[in-house]
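Have a look at the structure below, then the notes.
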Amino acid sequence: MPVRKIILLFLFISSTIAHAQPKIVVGIVIDQMRFDYLYRFQSKYSETGFKRLLKEGYNCKNTNYNYVPTYTGPGHASVYTGTTPAVHGIISNNWFEKETGKNVYCCDDKNVTTLGGGSKKEGAMSPQRCITTTVGDELKLFTNKKSKVIGIALKDRGAIMPAGHMANAAYWFSSSEGNWISSTFYMQALPKWVDDFNAQKLGDKYLSQKWETSFPIANYTGSLSDDNPYEGVFKGEEKPVFPHDLPLLKTKNEGYGILKEVPFGNSLTKDFAIATIKAEQLGKNGVTDLLAVSFSSTDYVGHRFGISSIELEDTYIKLDKDLSEFFAFLDSYLGKENVLVFLTADHGAVENPQYLVDSKVNAAYVDENKIEEGLTKMLQQNFTDSLLLSFSNQQIFFNHAMIKQRKINYTELEKSTVAFLVTQPSVRQVLTKNNLLENQYLDLPRTLVQNGFSPTRSGDVVVVYEPSVIELTNDKKGTTHGAPYSYDTHVPLLWWGYKVKKAEDVEQVNITDIAPTLSQFLTIQSPSGCSGKPIPGVLK
Ligand SMILES: [Zn+2]
């Protein structure tokens, strides 16, 4: 064969191989999106946002978190590492660190500093506490670091955990400056295009308007009334009603933090995601790139107003518009067939417990301070000292130095603690470290506790509350999450684009199955701690 023909053949083969991969993977994680939001608000969604993925993509309708606690830091880490806190080590957003006796944050890192303005603390962040690799790390290793991997979210943990250790960048939002910032963990200075984007001051533009509903308020029949007793209020407002005056709220709340807590925070995230793809030429680098985008405003709105508020419904309607624009951009920029998109959430949320109680459903608020007080008293009586260092994330941390020094019988201590805790109101189950290390639980919720339990980082005793029980707040408004129950664990999972067929199924999928499924699409190794399995239906 003449040399020219061989070269042509080689070019042909290599270009075919190159085309056997998506040009870009776009991971979308929506903070606090319950599975049912795909359907509850569907009559007001456009044809080109969520519904485009439902119409053209693969819908894994039975996707659940397979550990507790269902919080944002662990959620994002689990999606991209394909494993649970027991292995990746992100056991909560904040936790009591046994070695230092201090409370730590999942992303804090004293060895790095802020890039792009904002306070010193806002940028002192990295993924160093995550023990395992992510899909992005494995993609980087596979392509000899040629792939670009970038994470974006208003919340630092929503950008940093997905982007992984080898990422080119993670960008998050500075509440003090209204800018997208990063840390020296990733680079020495922000790229010029990020400075240029920040210079547009889009945050000011978004905060110069009123938050009005997208449709006439009378059309929001799927939610409670605009002024209902289960909603919190913004600082600076008397009532939880539309329209919300954002310029007023900006002055009353100081700085740009308020932008995170309204739907336009998601719009700014979408703007920045599109700018990132264009500036970094993602999908046009000859290898697969990965962009992880998380939309955080949904979580703030849910926490404040609850899951049955018009504010929440309107936030999803506006997010649907932003997603519609984002999908249209991906399609025109790279072509749908070259883009692999997945969309999921980092956890769900419970219906406001007081609303449930008022609707004759069993639900409650648990006063953890009271439990802690009672436990302290019991331990002081039986063991001469409370021995209690922390009660946080539904876990008891004992003072092991004191236990050793006073030669306290640890088994007795465990027994007394369990005996006390199981008698407390709203407590369903209590598991000890020894229980969790010696047994392999297969039933709910114990298997979820086990998957969330890191022997090195977690506490001595874990408490599980009954369903629809949350920690007591002053006003019993809004909602939260963190439990091992379907309202917190059941989230959307949609796949769209590259080689994804249109279908839906109700096979059980764990959140940890996303990363190995992506790895199969990309023919790369699964992340180092991966405990999930590829989803067969999506790959067929
Ligand atoms: Zn939250």
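What are the pairs with Cβ atoms under 9 angstrom where one residue, in the range 465-478, is under 14 Å from PHE305 (Cβ atoms) and at pLDDT 95 or above and the other, located anywhere, is small (Gly, Ala, Ser) and part of a loop (DSSP other than H, G, I, E, B)? Sequence gap at least six, or different chains. Pairs that qualify, where the first residue is under 14 Å from PHE305 (Cβ atoms) and at pLDDT 95 or above and the partner is small (Gly, Ala, Ser) and part of a loop (DSSP other than H, G, I, E, B), are LYS477/GLY232; LYS477/GLY306; GLY478/GLY232; GLY478/GLY306; GLY478/SER309. Take the conditions (1) over 30 Å from ASN474 (Cα atoms); (2) buried (at least 19 other Cβ atoms within 10 Å of the Cβ); THR315 misses just one of them, which is (1). Among the conditions (1) buried (at least 18 other Cβ atoms within 10 Å of the Cβ); (2) more than 16 Å from the ligand (Cβ to nearest atom), LEU472 misses just one, which is (1). Considered as a group, the residues in the range 31-42 that are closer than 21 Å to ASP505 by Cβ and within 16 Å of the ligand (Cβ to nearest atom) include one that is farthest from the chain's Cα centre (by Cα), and that residue is TYR37.
Just one of GLN424, GLN381 is surrounded by fewer than 18 Cβ atoms within 10 Å (Cβ to Cβ), of a type in the set (S, T, N, Q) and out of contact with any strand residue (DSSP E or B) (no Cβ under 9 Å at 6 or more places or on another chain); which is it?
Numbers: GLN424 fails: out of contact with any strand residue (DSSP E or B) (no Cβ under 9 Å at 6 or more places or on another chain).
Exactly one of GLN424, GLN381 is surrounded by fewer than 18 Cβ atoms within 10 Å (Cβ to Cβ), of a type in the set (S, T, N, Q) and out of contact with any strand residue (DSSP E or B) (no Cβ under 9 Å at 6 or more places or on another chain), namely GLN381.
Annotation: of all residues in the range 488-540 being of a type in the set (D, E, K, R) and in a loop (DSSP other than H, G, I, E, B), the one that is farthest from the chain's Cα centre (by Cα) is LYS540.
Checking each residue in the range 512-540 for being among the β-branched types (Val, Ile, Thr) and touching an Asp or Glu at 6+ places or on another chain (Cβ under 8 Å) picks out ILE524, ILE535. Does SER176 satisfy being in contact with a Ser or Thr (Cβ under 6 Å, 6 or more places away or on another chain), in a loop (DSSP other than H, G, I, E, B) and either on the phi > 0 side of the Ramachandran plot or among the small types (Gly, Ala, Ser) (or both)? Spelling it out, SER176 is indeed in contact with a Ser or Thr (Cβ under 6 Å, 6 or more places away or on another chain), in a loop (DSSP other than H, G, I, E, B) and either on the phi > 0 side of the Ramachandran plot or among the small types (Gly, Ala, Ser) (or both).
Listed conditions (1) touching a Lys or Arg at 6+ places or on another chain (Cβ under 9 Å); (2) under 24 Å from LEU343 (Cβ atoms); (3) not in a strand (DSSP E or B) are all met by ARG157, apart from (1).
Looking only at the range 264-283, which residues are outside any helix (DSSP H, G or I) and over 14 Å from VAL26 (Cβ atoms)?
Restricting attention to the range 264-283, the residues satisfying the condition of being outside any helix (DSSP H, G or I) are 280-283.
GLN281, the sole residue that qualifies.
Note on the range 242-301: residues that are out of contact with any strand residue (DSSP E or B) (no Cβ under 9 Å at 6 or more places or on another chain), of a type in the set (Asp, Glu) and away from the ligand (no atom under 16 Å from the Cβ) total 2. Just one of (1) modelled with pLDDT under 95; (2) over 29 Å from LEU115 (Cβ atoms) fails for ASN253. It is (2).
Out of the residues in the range 481-491 that are crowded, with 20+ Cβ neighbours inside 10 Å and under 25 Å from ASN228 (Cβ atoms), state the one that is nearest to the ligand (Cβ to nearest atom). Before the answer, list the steps.
Narrowing the range 481-491 to residues crowded, with 20+ Cβ neighbours inside 10 Å: 481-485, 487-489, 491.
Subset that is under 25 Å from ASN228 (Cβ atoms): 481-483, 485, 487-488.
Working: HIS481: 6, GLY482: 8, ALA483: 12, TYR485: 15, TYR487: 13, ASP488: 10 Å.
Looking at the filtered set, the residue picked out is HIS481.
If only residues of the range 312-364 that are within 16 Å of the ligand (Cβ to nearest atom) and either in a strand (DSSP E or B) or charged (D, E, K, R) (or both) are counted, the one that is nearest to TRP496 (Cα to Cα) is THR344.
Taking the range 476-487 as the search range and keeping residues that are among the hydroxyl-bearing types (Ser, Thr, Tyr), out of contact with any strand residue (DSSP E or B) (no Cβ under 6 Å at 6 or more places or on another chain) and not in a helix (DSSP H, G or I), which one is nearest to THR344 (Cα to Cα)?
Narrowing the range 476-487 to residues among the hydroxyl-bearing types (Ser, Thr, Tyr): 479-480, 485-487.
Cutting the leftovers down to out of contact with any strand residue (DSSP E or B) (no Cβ under 6 Å at 6 or more places or on another chain) gives us 479, 485-487.
Restricting the remaining residues to those that are not in a helix (DSSP H, G or I) gives 479, 485.
Working: THR479: 20, TYR485: 17 Å.
Among residues in the range 476-487 that are among the hydroxyl-bearing types (Ser, Thr, Tyr), out of contact with any strand residue (DSSP E or B) (no Cβ under 6 Å at 6 or more places or on another chain) and not in a helix (DSSP H, G or I), the one nearest to THR344 (Cα to Cα) is TYR485.
In the range 286-316, of all residues being among the aliphatic types (A, V, I, L, M) and under 20 Å from the mean Cα position of the chain (by Cα), the one that is nearest to ASP137 (Cα to Cα) corresponds to LEU290.
In the range 142-154, which residues are touching a residue at least 12 places away in the same chain (Cβ under 8 Å) and either assigned to a strand (DSSP E or B) or surrounded by fewer than 24 Cβ atoms within 10 Å (Cβ to Cβ) (or both)? Residues satisfying the conditions are PHE142, THR143, LYS145, LYS146, VAL149, ILE150, GLY151, ILE152, ALA153.
The values are calculated or read from the model by the stated rules, or taken from the named source; none is laboratory data. Bear in mind that the values here come from a model prediction, so they are computed numbers and not experimental data. Every residue, glycine as well, gets a Cβ built from its backbone with ideal geometry; the counts of neighbours run over all protein chains shown.
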